[in-house]
């Protein structure tokens, strides 16, 4: 593993830098978002700007991460640790694999459990639709789509408008939010439409 090259590429969907671990809640969020996505690495001892600071107490960092993975993530996660020396400084590499038991949630400061996903270099709160998609893709439930008028109307709309939000979908099909949600989840799982999550909004496009 060429760590210097990884650091040079900067933080992203599968990479996060932490100078030190200060909070189990925060680190659990990042680990959970990796597990719910395609997996990822945490580099402990590296500042946000990519400066290699090195780890002061490797045992303490390891303890915090293991504690966060076991007590602040549900289902619990199993991080894999690797120690890498760069320019005589120790960087602790933490690997989180993509999970087979999605969705994972993290314990927040308010005592509630929330599901997070990775968007670019941030761990963001998953919408109800994303949680449903994670649940059902983990269950490997087959989806049988019967093309009713609603599906046809939605797909015709997407051909012209290219994107739609759940609110617009409810209005377009004149159905409640819950039904719109179910319809979108089915279409996402069937690979017919795609979910696009940004920090500010979530919208759907044809796949």
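Values in this text are rule-based calculations from the coordinates and carry no lab data. Please read all numbers here as calculations on a predicted model, not as lab measurements. All Cβ positions, glycine included, derive from the backbone under ideal geometry; neighbour counts span all protein chains shown.
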So how far apart, in nm, are the two label points at residue 171 and residue 108 if each is 7 Å from Cα heading toward Cβ?
2.7 nm
Relative contact order in percent for the chain (Cα pairs under 8 Å, 6+ apart) equals 19 percent
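As a test of understanding, state the convex hull volume per residue of the stretch 11-81 from its alpha carbons, in Å³.
Working: hull volume 5.4 nm³, N = 71.
Output value, Cα hull per residue: 75 Å³.
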More than 31 Å apart - percent of Cα-Cα pairs taken over the chain:
30 percent
Run the helix sum for the chain: -39,500 (n - 2.57) per DSSP H stretch of 4+ residues, divided by residue count, reported at 222 nm to the nearest 500 deg cm²/dmol.
-11500 deg cm²/dmol
May I ask for the angle, rounded to the nearest 10°, between helix 177-189 and the longest principal axis of the chain, with both axes built from Cα atoms and the value confined to 0 to 90°?
70 degrees
Distance from the stretch 160-207 to the stretch 6-57 (C-alpha centre basis), Å
32 Å
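Give me the number: length gained by fully extending residue 85 to residue 49, i.e. 0.36 nm times residue separation minus the C-alpha to C-alpha distance, one decimal in nm. Write out the running numbers ahead of the final one.
Numbers: separation 36, 0.36 × 36 = 12.96 nm, distance 1.85 nm.
Separation in residues times 0.36 nm, less the Cα-Cα distance, equals 11.1 nm.
Once you wrap a convex hull around the alpha carbon atoms of the stretch 136-206, what is its projected area averaged over all directions, in nm²?
Numbers: hull surface 19.7 nm².
Average projection, Cα convex hull of the stretch 136-206: 4.9 nm².
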In whole Å, largest first, the alpha carbons of the stretch 3-126 cover along the principal axes 40, 27, 24
Taking the Cα-to-Cβ direction at residue 19 and at residue 198 and moving 7 Å from each Cα, how far apart do the two end points lie in nm?
3.0 nm
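Can you compute the FRET efficiency between residue 178 and residue 63 using 1/(1 + (r/R0)^6), with r the Cβ-Cβ distance and R0 = 35 Å? Round to the nearest 0.05.
On the way: r = 43 Å, r/R0 = 1.23.
With R0 = 35 Å, the Cβ-Cβ based efficiency is 0.20.
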Highest average packing first - 41-50, 194-203, Cβ atoms within 10 Å
41-50, 194-203
